[in-house]
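Structure first, commentary second.
We did not get these values from a lab; they are worked out from the coordinates using the rules stated. All of these numbers come straight from a predicted model, not from anything done at the bench. Quick reminder, even Gly has a Cβ in these numbers, built from the backbone with ideal geometry, and neighbours come from all protein chains shown.
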Amino acid sequence: MAVKRKRRVNYMRIFYVVMAFLIILLMIYGVSLILKSSDTEETYKEAVENSADREQIVIEYPTEPQYPKIDYPDNSGEITKFGNDITSKAGVLINVTDNKIIAGRDQEKVIYPASMTKVMTLIVAVENMESLDDTFTMTQEILEPLVDADASRAGFEVGETVTIKDMLYGAVLPSGADATVGLAVKLCGSEENFVKLMNEKAEYLGLENTHFMNTSGLHDENHYTTSVEMAMIMEYAMQNELCREVLSTYQYTTSRTKEHPEGIKLESTMFGRMYGDEVEGALIEAGKTGYTDEAENCLVTYGTKGGKEYVSVTSLSYDYWLTIHDAFNIYANYIEPKSEINIVAE
């Protein structure tokens, strides 16, 4: 019996030693977790701070813009008022070469730019991108609200990976809101941050009556401009070789993807309704259309005639085709010498 009791005592001692060892291990593990948690928290704080720094950098416009700002055109001379041949309720014709307003109607009236907005979107995207070959994957979060709003779209699909170049053309030619929001999220993290750059650009250009709320031109009471200031935005865009190329393109096919093995054939909403040379002696080189119920039909164009360059803007037109005819009539009847219009029947 004494032997058995001694063995039992030994077992108890071993048990207590093991338990003490386990308790020590648990204490060491607990301390390590606390230290690790502290390190993780510091790392998280550092990441947040770095993220905030990156966001701050993203939404700051370059301190040295690529091109000089556009001065307000001279309106001190005689300005011809648009006649009955122009159906749009507001508009302007500016001689870019001489920086003078030649003709117009309520050219300082605040208007809704609708998809003419995308000229500014193009400017900001081109000036802030790194490479045309950079890619972005479209998401349901981007596309679903645009479908619900019945916004015009280039046709990119959820999960489709597209290039910056394809989105630039997708934004301008078919007036794709999917492309403008994709550009915004890719370049600035959100449409809101991108719009900040658009408004910074408007401020840099000295625009006094222009403000943007989105990248596409969907209606918002606080999203507005004037015919003169829209013309200034277009003039600025045409200084940039890439912007000029995109705004002057009739058709473009996007890169091949799994969702679109042949690419998407995009067509300009303006050049789809004109050749650009319908007016004798004039060439409408580039432009962007727009439409919302509130803005009605609108159009900004850039053209040449008689060795000089011009920008025309028309807004508040009740008819899709008459907006194009207004542009023809402006180049034909309000720039000397007067010229004929040769419209080819559809």
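With K and R counted +1 and D and E -1, the other residues having a Cβ less than 15 Å from that of Asp98 yield a net charge of -3. Which pairs in the list Lys89/Lys118; Lys118/Lys201; Lys81/Lys338 are over 18 Å apart, alpha-carbon to alpha-carbon? Those over the limit are Lys89/Lys118. All alpha carbon pair distances within the range 195-253 were sorted into 10 Å bins beginning at 0; the resulting P(r) in whole percents reads 21, 48, 28, 4. Each DSSP beta bridge with both residues in the range 80-333 is either parallel or antiparallel, and the antiparallel ones are about 95%. Its Cα gyration tensor gives the range 149-214 an equivalent ellipsoid; the semi-axes, largest first and in whole Å, are 24, 13, 11. Fully extending the segment from Glu294 to Asn193, taken as 0.36 nm per residue of separation minus the present Cα-Cα distance, adds 33.8 nm.
What FRET efficiency, computed as 1/(1 + (r/R0)^6) with R0 = 22 Å and r the Cβ-Cβ distance, is obtained for Thr97 and Asn75, rounded to the nearest 0.05? That gives a FRET efficiency of 0.85. A simple packing score, the average count of other Cβ atoms within 10 Å per residue, orders the peptides 313-323, 79-89, 296-306 as 296-306, 313-323, 79-89, with the highest score first. In this rough spin-label picture, where each label sits 7 Å from Cα along the Cβ direction, the Ser255-Glu280 distance is 4.8 nm.
Residue ranges 259-270, 132-143 sort as 259-270, 132-143 when ordered by packing (mean number of other C-beta atoms within 10 Å per residue, highest first). Separation of the range 93-108 from the range 312-346 is 16 Å, based on Cα centroids.
How many nm is it between the label spots at Asp220 and Asp148, if each spot is 7 Å from the Cα in line with the beta carbon? Result: 1.6 nm between the two label points. From most to least packed by mean Cβ count within 10 Å, the peptides 167-176, 95-104 give 167-176, 95-104.
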